[in-house]
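So the structure is just underneath, and the comments pick up after that.
Every read-out reported here was derived from the displayed coordinates using simple, explicitly stated rules and does not represent laboratory data. Since the model is a prediction, treat every value here as computed from it, not as a measurement.
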Amino acid sequence: MYCKHLNLNVEVDVLTTGALADIVSGILESLLFQRHQIPLVYKTYRYYVEKWSDEENELSDEKVTSTAQFLRRQKENATKTNSSIRAMKELVRNAFNNKFIKSLRFLFGSTAYTPKEAYTIHIPTEAISSNHSHEQHRIAIGKLNQTLLSFLTHPDLSTIFSSNLNPTNIYLELEIAKQTVDLKTMSNAKVDMIAKEFYALPASCKDVQIHLLHKGNASLTSLHCCKDLQVYKDFMDLHLEDNVTVDADSDSNKCKNILYKTTEWWEADIYIRGFKEQGSKCLNMWS
Ligand SMILES: [Zn+2]
């Protein structure tokens, strides 16, 4: 069985769930292109697809030839793929905002039970800071690209990345701390995940295990940026000193360890269908 474990460094001063959502989305985008599920890098692909939808409104029905119809169908399929990518990225962001995610995996295969390739991302839960806001601690685009590049060029993955994979479906499954999953109290009441039993990957599935490692320069307890904003609102709390913050942090770490002990698996109710351009090369749809 093909199984690879690799570490990926995440360089950001404070690790927030928002930064993690950015990284996971970035890994998904990279994989879609790398594993031939979209024909262009994601941002270029999205640019064209969204440009078409603007043009669509100006299109007249008079000059509909069979070639034009063929191209239109292709563009519809490409657009569907793009919409599902957006929806999955949105689901990842919401899940990180509302739930305690321990790990998640992207499965490439015709069904979620018969994946050919699986990419499991392990979240460094103990490094997540809940006292800082994502807006103030966004991961720099250069650092994010560095993380993604080290993933795409990782020597242990050269075998899998040099093999071909035909367009297939991409499923998302999430391992979430049990206590916090209460679908009834979810803010938007929309149920976007289905509970499922955890199952081992089939023996023929290529199994890639990605361990995210937080590499921050500043020590969490010495950073008061976001917490200070709240504290200063209440003048009574101005006397808060370092040791108080340290205690609060170690308490929250204790809670976290208990929290992540029992988890359950959920499957996203959407999946991505890989898109492949059909037909003659002289019909250029990317223009
Ligand atoms: Zn902060």
* Asked: Stretched out fully, how many nm does the piece from Met1 to His224 gain, at 0.36 nm a residue minus the Cα gap?
  -> 75.6 nm
* Set Lys43/Lys196; Lys80/Lys116; Lys102/Lys196 screened for pairs whose C-alpha atoms are more than 25 Å apart -> Lys43/Lys196
